[in-house]
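Derivation of every value follows stated rules applied to the coordinates shown; laboratory data play no part. Since the model is a prediction, treat every value here as computed from it, not as a measurement. All Cβ positions, glycine included, derive from the backbone under ideal geometry; neighbour counts span all protein chains shown.
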Amino acid sequence: MDFDVVVVGGGNAGFSAAHSAAERGARVLLLEKAPEPEAGGNSFYTAGAFRFTFDDLDELADLLEPDDRHADAVVPAYPASAFHADMDRVTGGRCDPVLTEVLVSRSADTVRWLAGKGVTWRLMYERQAYLSGGKWVFSGGLCAGTVDGGKGLIAQHTAAAQQEGVEIRYGAEVTELHLDDRGVTYRAGGAEHRVSAGAIVLAAGGFEASPQRRARHLGPEWARAHVRGTPTNTGDVLDLALAAGAAPHGDWSTCHSTAWDADSDPDGGDRELTNQLTRQSYPIGIVVNTAGERFVDEGADFRNYTYAKYGREILRQPGGRAFQLFDAKTRPLLRKEEYDSHPIAAAQAGTLPELAEALGIDPEQLARTAREFNESIVDAEFDPAVKDGRAARVDPPKSHWAVALDTPPYYGFAVGCGITFTFGGVHVDAAARVLDTAGSPIPGLHACGEMVGGLFSGNYPGGTGLTSGAVFGRLAGAGAAGA
Ligand SMILES: Cc1cc2nc3c(=O)[nH]c(=O)nc-3n(C[C@H](O)[C@H](O)[C@H](O)COP(=O)(O)OP(=O)(O)OC[C@H]3O[C@@H](n4cnc5c(N)ncnc54)[C@H](O)[C@@H]3O)c2cc1C
């Protein structure tokens, strides 16, 4: 046996599995398809937001890096019951109850476990809080993330793995799984290599970066979605697992997708800007298509609970394009790191018709849309930190945070649909063991991260992907080391 455990994929899930196996004394090999300068998977591109349970800010005090604003932070508790309710509500009751229980119940101690491996944490004021009455009020069940986002997370994971003696081979694409005599074949430097190992952990992501697999499973229109993260998650390892007898699980026909800079590279994320190409301040503006019509309730819920399903709605619009519109009143409230980043598809104008012309929106319909919207706003105080009930009673309605679009200058941001990751995957049990179609664990085979199906469907609560990867990665690594 060359190694005790071989981990396929070097994102957050794969590294979590590697740490967990290594802390049990296993000799671990991690194989990563991308060359070292492009490694880290989707996890590298993230904002580093982790959703986990906690009772109050005091409980997190020793976890978080110091910040003068903590004294003025209002962070609502996030008990397990709320995490369960969010999973149930956003997936329409389609989240696997066994896997969801593992995710929720292990979320908090897994974040602390990662901290013990050297991952550092902060409160995400710029993403998750608004100043309201002199306080930083957090919302959406999510408050903490890793220092320096996904870049920091992967750098710290990599440093920890190296310290633990995990061997990492970059530019190593796994092409075959050997379940009988345990091991994998991978391609590196133009040659095929075979390694043997006591157990295999699959952590190779979903199929979001394969236009063909997207079209097959999600529908033909998904071929034109822009890939937000790594171009290397093409679903090959998912197919290898299914061919080896793993049971498919969860919703293979939907995915996580968001409003994404329309001028971005369609084939993969930008390693410098990473998550900054996202456009997530739409709850305080309006969103129209090229015909000048609104098509979603921008204020249906806190952003964390709508952003992952609105990419799909944008893809359905003419040309797969939409425009987030703001005025002089709302522009200062937009997330700076997203709306002031470069490249950016945007225009600014003194009148709405001029803005429409600059962006390619039907000016007459946009004028009607804005007028009807403005006239329908109920009389309630605007407060972006809470569900303020300041609704616009139009079709479609805007349930909260309706602010009249009437004060120049006007600002428009062109967005397309950015695909983040796919929801279908393999079936695992509560110990992250891969199950066959009869429901029995396949000896020596474990899976984690995006490869796990069954947790999400149609929508997703922000910050859950990284938590899922760490929770199931930790379990997968422990199981593989004990195999
Ligand atoms: C822009 C962006 C922002 C996001 N922000 C957040 C956030 O703030 N919080 C959150 O919870 N989630 C976020 N997500 C989602 C999050 O990235 C994923 O849920 C999570 O990173 C998945 O981790 P993973 O380890 O399963 O996959 P990845 O991190 O994608 O790792 C999979 C790895 O497997 C490798 N691989 C693929 N095929 C092979 C092969 N054949 N052989 C060897 N290796 C292979 C890939 O190269 C890749 O490195 C974001 C995603 C994107 C794209």
Requested in this report: Mind jotting down the distance between the C-alpha centroids of the stretch 65-91 and the stretch 451-483, whole Å?
Outcome: 20
Requested in this report: Take the chain, compute every pairwise Cα distance, and split them into 10 Å bins from 0; I just need the percent in each bin.
Outcome: 4, 21, 30, 25, 13, 6, 1, 0
Report task. For ALA49, list long-range residues whose amide hydrogen, built 1.01 Å from N in the peptide plane, is under 5 Å from its own amide hydrogen. Result -> THR146
Report summary line: Computed ³J(HN,Hα) along the stretch 439-446: with the Karplus parameters 6.51/-1.76/1.60, θ = phi - 60°, integer Hz and x for glycine or proline, the list is x, 9, x, 7, x, x, 10, 10
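Quote to one decimal, in nm, the extra length available between ALA82 and PHE295 on full extension: 0.36 nm per residue of separation minus the C-alpha distance between them. Could the numbers behind the result be given before it?
Working: separation 213, 0.36 × 213 = 76.68 nm, distance 2.90 nm.
Separation in residues times 0.36 nm, less the Cα-Cα distance, equals 73.8 nm.
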Query raised in the report: Counting only residues 5 or more places away or on other chains, whose amide H sits under 5 Å from the amide H of VAL7 once H atoms are built in the peptide plane?
Result: LEU29, LEU30, LEU31, VAL201
Report summary line: A student applying the Cα gyration tensor rule (rounded when a/c is under 1.5; otherwise prolate if a/b is larger than b/c, oblate if not) would label the stretch 122-251 oblate
Query raised in the report: What is the set of long-range amide H partners of VAL227 at a cut-off below 5 Å, with H atoms built 1.01 Å from backbone N?
Result: ASP267, GLY268, ILE419
Query raised in the report: Residue by residue, what Karplus-based ³J(HN,Hα) values in Hz, rounded to whole numbers, does the stretch 419-430 have, using 6.51, -1.76 and 1.60 with θ = phi - 60° and x for Gly and Pro?
Result: 8, 9, 7, 9, 8, x, x, 9, 8, 10, 8, 5
Requested in this report: For the stretch 1-70, run through the chymotrypsin sites (Phe, Trp or Tyr not before Pro) and keep only the ones in DSSP coil with at most 12 other Cβ atoms within 10 Å of their Cβ.
Outcome: none
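Can you list which of the GluC sites (Glu not before Pro) found in the stretch 233-311 are DSSP loop residues with at most 10 other C-beta atoms within 10 Å?
Details: sites: GLU272, GLU293, GLU298; in loops: GLU272, GLU293, GLU298.
In loop regions of the stretch 233-311 (DSSP not H, G, I, E or B), the sparsely surrounded GluC sites (Glu not before Pro) are GLU272.
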Query - Hz values of 3J(HN,Hα) by residue in the stretch 400-416 - Karplus curve (6.51, -1.76, 1.60), Gly and Pro given as x - result: 9, 6, 7, 10, 4, 8, 8, 10, x, x, 9, 10, x, 10, 7, 10, x
Query raised in the report: Under DSSP H, which helices of the chain have Cα atoms covering 24 Å or more of the helix axis and a Kyte-Doolittle average no less than -1.0?
Result: 97-116, 464-482
Report summary line: Note to self: C-alpha centroids of the stretch 145-203 and the stretch 369-419 sit apart, in Å, by 46
Report task. Take every Cα-Cα distance within the stretch 256-418, group them into 10 Å bins from 0 onward, and report for each bin the whole-number percent of pairs it holds. Result -> 11, 43, 38, 7, 0
**Report entry** Proximal aspartates and glutamates relative to LYS135, as straight alpha-carbon distance under 15 Å, when same-chain residues fewer than 8 apart are discounted
**Finding:** ASP67, ASP68, ASP72, GLU126, ASP383
Query raised in the report: So what is the orientation-averaged projected area of the stretch 427-483, using the convex hull of its C-alpha atoms, in nm²?
Result: 4.0
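Of all trypsin sites (Lys or Arg not before Pro) in the stretch 301-400, which ones are in loop regions per DSSP and have a Cβ with at most 15 other Cβ atoms within 10 Å? If you can, show how the numbers build up before the last one.
On the way: sites: ARG303, LYS309, ARG312, ARG316, ARG321, LYS329, ARG335, LYS336, ARG368, ARG371, LYS387, ARG390, ARG393, LYS398; in loops: ARG316, ARG321, LYS329, ARG335, LYS387, ARG390, ARG393.
Loop-located and lightly packed - ARG316, LYS329, LYS387, ARG393.
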Query raised in the report: In the structure displayed, which of LYS117/LYS336; LYS329/LYS387; LYS309/LYS398; LYS33/LYS117; LYS151/LYS329 lie more than 22 Å apart, Cα to Cα?
Result: LYS117/LYS336; LYS33/LYS117; LYS151/LYS329
